[in-house]
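Trainee: Structure in structure tokens, see below.
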Amino acid sequence: MKAARILRECDVILYDRLVNPEIVRLAKPEAECIYVGKHQGEQELRQGEIFSLIRDRALQGKTVGRLKGGDSLVFGRGAEEWQLALRHGIRVELIPGVSSAIAVPGLAGIPLTFRSVSQSFAIVTGHCQEGANDTWEHYAHVDTLVILMGVKNRQTIAAALIAAGRPADQPVAFICRGSLKEEQTIESTLADVAAGRVEARNPAVFVIGEVVNLRRLLKPSTI
């Protein structure tokens with residue numbers, strides 16, 4: 001509710017690729033709404049443009065709303081934009097969002113924790129370099145792994161986790177386009193992902209752990 005109220009007060013709104021258009025329409029009619037979504041290969045160039053827009057519009061005396069999907073501080077570079085604004089004397093107020101890492105598995109019937117099944121979870125970025133197996137050793141024994149932006153490197157990630165000791169037969173799920181009408185959940189095993197036998201499309205949340213099996217109890221009608 002607070003976010004909706006603030007959006008109606010903004011002179012400028014910079015919105016990302018995964019923001020629902022219905023949310024952008026909450027802006028006042030005269031607001032300047034600027035699409036700043038990033039696509040593969042243009043992240044750094046686009047981020048520089050975003051920094052400039054925040055600085056320039058705010059220093060013109062305008063109220064700038066930076067609208068992101070999920071939680072802007074979870075792999076959303078929100079803290080970097082916050083820091084930039086403060087360096088230029090621009091006052092910042094954060095309105096927290098709900099991370100897709102938590103919300104999307106829940107909507108699909110996959111809780112990240114469950115008594116006697118999972119006592120811990122980790123949220124990891126999937127933007128890893130090919131062959132960076134040592135990074136995944138840190139996460140091999142976390143009960144539930146939630147990987148954002150992991151579709152492209154899914155085969156490398158799965159193979160690295162198996163090599164680090166995670167069970168090859170452990171269930172996994174890709175929740176594609178979570179919360180939208182086209183939402184699709186693909187269940188498989190870590191071994192099948194490592195072998196390249198699982199197709200998934202972005203945007204997707206990649207979940208690894210025994211909690212995936214709970215979907216059969218919580219959402220049996222979708223299986």
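The values are calculated or read from the model by the stated rules, or taken from the named source; none is laboratory data. On a predicted model such as this, the values are computed, not experimentally measured, just so you know. Note that each Cβ is placed from the backbone with ideal geometry, even for glycine, and that neighbours are counted across all protein chains shown.
Trainee: Looking at A173, A158 in this structure, which one is in contact (Cβ under 8 Å) with a residue 60 or more places away in the chain, of a type in the set (G, A, S), not in a loop (DSSP other than H, G, I, E, B) and not assigned by TED's automatic domain parsing to the domain that holds R77?
Mentor: Every option except A173 fails the conditions.
Trainee: What's the number of the only condition in (1) buried (at least 16 other Cβ atoms within 10 Å of the Cβ); (2) without any contact (Cβ under 8 Å) to a residue 24 or more places away in the chain that L86 fails to meet?
Mentor: Answer for L86: the failing condition is (1).
Trainee: Can I ask one more? Restricting to region 2-14, name every residue that is farther than 17 Å from E80 by Cβ and surrounded by 15 or more Cβ atoms within 10 Å (Cβ to Cβ).
Mentor: I6, L7, C10, D11, V12, I13
Trainee: Looking at region 54-77 only, could you name the residues that are part of a helix (DSSP H, G or I) and buried (at least 18 other Cβ atoms within 10 Å of the Cβ)?
Mentor: I54, R57, A58
Trainee: On to the next question. Determine, yes or no, whether V92 is outside the structural domain of I13 (by TED's automatic domain parsing) and among the β-branched types (V, I, T).
Mentor: Here the answer is yes, as V92 does meet what is asked.
Trainee: Restricting to region 179-223, and then to whatever is part of a helix (DSSP H, G or I) and of a type in the set (D, E, K, R), can you tell me which residue is surrounded by the fewest Cβ atoms within 10 Å (Cβ to Cβ)?
Mentor: R216
Trainee: Pick out the one residue from V104, V98 that is in a loop (DSSP other than H, G, I, E, B) and either under 30 Å from P220 (Cβ atoms) or assigned by TED's automatic domain parsing to the domain that holds L148 (or both).
Mentor: Just a single option satisfies the conditions, and that option is V98.
Trainee: Here's something else I'd like to know. Can you find a residue that is outside any loop (DSSP other than H, G, I, E, B), more than 13 Å from the chain's Cα centre (by Cα) and of a type in the set (A, V, I, L, M, F, W, C) anywhere in region 146-154?
Mentor: No, because not a single residue in region 146-154 is outside any loop (DSSP other than H, G, I, E, B), more than 13 Å from the chain's Cα centre (by Cα) and of a type in the set (A, V, I, L, M, F, W, C).
Trainee: Filter region 25-36 for residues that are under 28 Å from G126 (Cβ atoms) and surrounded by 13 or more Cβ atoms within 10 Å (Cβ to Cβ); which is modelled with the lowest pLDDT?
Mentor: Among those residues, the one meeting the criterion is V36.
Trainee: When region 122-142 is examined, which residues are found to be at pLDDT 90 or above and either within 21 Å of the chain's Cα centre (by Cα) or surrounded by 15 or more Cβ atoms within 10 Å (Cβ to Cβ) (or both)?
Mentor: A122, I123, V124, T125, G126, W136, H138, Y139, A140, V142
Trainee: Which one is surrounded by the fewest Cβ atoms within 10 Å (Cβ to Cβ) among residues in region 42-53 that are assigned to a helix (DSSP H, G or I) and of a type outside the set (A, V, I, L, M)?
Mentor: Among residues in region 42-53 that are assigned to a helix (DSSP H, G or I) and of a type outside the set (A, V, I, L, M), the one surrounded by the fewest Cβ atoms within 10 Å (Cβ to Cβ) is E44.
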